[in-house]
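Trainee: I'd like to ask some things about the structure below.
The values are calculated or read from the model by the stated rules, or taken from the named source; none is laboratory data. Here the structure is a predicted model, which means the values were calculated and not measured. Cβ: placed from backbone, ideal geometry, glycine included. Neighbour counts: every protein chain shown.
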Amino acid sequence: MNEQPFRKEYNQREYSKEWHKKNKEHVNTIARTYYHNHKEQAKLCMERYREKHKEQEQKRRREWSRKRKLLIIEHYSNGKNICNCCGEKHIVFLTIDHINNDGAEHRKKLGSAAHVYNWLIRNNFPEGYQVLCYNCNCGRYKNGGVCPHKQELSVNEYIPLPINS
C-alpha cells in the first residue's frame, strides 16, 4: 500500500469550492475573457440551457425580480413598505415614483421601466424617488404632479365633459 502520511485526506469538491471562493476575481477574469473570445458559442450554450430548463429559469427570474423590487421598495420607504401618499401596503401595488415627474424621460433614456430598478441599485439608491401605489402614481401623472388624495377635486374639475355624440 502506497500511503503518504504527510498527505491529508480531502474532498475534491470542497477543495474546489474553497479555491473558487478565495480566487473569485481570478475566476471571473478567466470567465469574462473566455466569454469575450467565444461570444457566439457562449450565447448558443446559454440559449440551449434556458430552453432546456425553461420553467426553472422563469421561476428564477421571477424570484430575482421580486427580490430586486422588494429591496428597492424597502429602501425608499425606509423599511415600511407602504405608499408614501395613501398608505397602501400590498407589495404588488407599490412602485417607484420620480419625485420630479421626469420618469418618462428617465425610462426612455434607460430603455425600459425594468432598467430603472437596475439603475437605482447600481447607483446606490440616489435621492429623488419615492414609493407610491399605482393609483397614486397614475393620479399624480393625470393631475399635474399632485396626487388626487392630496387635493380635493369636484367631479366637474376632474372628469372631462362628454363631447357631443
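Trainee: If I filter the stretch 42-65 down to residues being closer than 26 Å to V92 by Cβ and exposed (fewer than 11 other Cβ atoms within 10 Å of the Cβ), which single residue comes out as nearest to the chain's Cα centre (by Cα)?
Mentor: If we take residues in the stretch 42-65 being closer than 26 Å to V92 by Cβ and exposed (fewer than 11 other Cβ atoms within 10 Å of the Cβ), then W64 is nearest to the chain's Cα centre (by Cα).
Trainee: If you don't mind, there's one more thing I want to ask. Only residues that are under 23 Å from R62 (Cβ atoms) and part of a helix (DSSP H, G or I): list them for the stretch 129-139, please.
Mentor: Y134, N137
Trainee: Please enumerate the residues belonging to the stretch 81-101 that are farther than 13 Å from C133 by Cα and surrounded by 12 or more Cβ atoms within 10 Å (Cβ to Cβ). Working first, answer last.
Mentor: Within the stretch 81-101, the subset farther than 13 Å from C133 by Cα is 99-101.
Correct list: I99, N101.
Trainee: List pairs: first residue in the stretch 43-72 and closer than 28 Å to L132 by Cβ, second residue β-branched (V, I, T) anywhere in the structure, Cβ distance under 8 angstrom, at least six positions apart or on different chains.
Mentor: Once the first residue is closer than 28 Å to L132 by Cβ and sits in the stretch 43-72, its partners that are β-branched (V, I, T) give R68/I121; K69/I91; L70/I91; L71/I121; I72/I96; I72/I121.
Trainee: Could you list all residues from the stretch 97-128 that are under 20 Å from V146 (Cβ atoms), touching a Phe, Trp or Tyr at 6+ places or on another chain (Cβ under 9 Å) and not in a helix (DSSP H, G or I)?
Mentor: Passing the criteria: D97, H98, I99, N101.
Trainee: Looking at (1) surrounded by 17 or more Cβ atoms within 10 Å (Cβ to Cβ); (2) in a loop (DSSP other than H, G, I, E, B), which is the only condition K69 fails?
Mentor: The failed condition is (2).
Trainee: Are there any pairs with C-beta distances below 9 angstrom linking a residue in the stretch 107-128 that is farther than 19 Å from L70 by Cβ to a residue that is basic (K, R), with the two at least 6 apart or on different chains, and if so which?
Mentor: Partner pairs satisfying both residue conditions: none exist.
Trainee: Now a separate question. Y76: farther than 30 Å from H149 by Cβ, of a type outside the set (A, V, I, L, M) and either at pLDDT 95 or above or surrounded by 11 or more Cβ atoms within 10 Å (Cβ to Cβ) (or both), yes or no?
Mentor: no
Trainee: Here are some residues: E18, E25. Which one is in a helix (DSSP H, G or I), free of Cβ contacts under 8 Å to residues at least 40 places away in the same chain and surrounded by fewer than 11 Cβ atoms within 10 Å (Cβ to Cβ)?
Mentor: Details: E18 fails: surrounded by fewer than 11 Cβ atoms within 10 Å (Cβ to Cβ).
When all the criteria are applied, what remains is E25.
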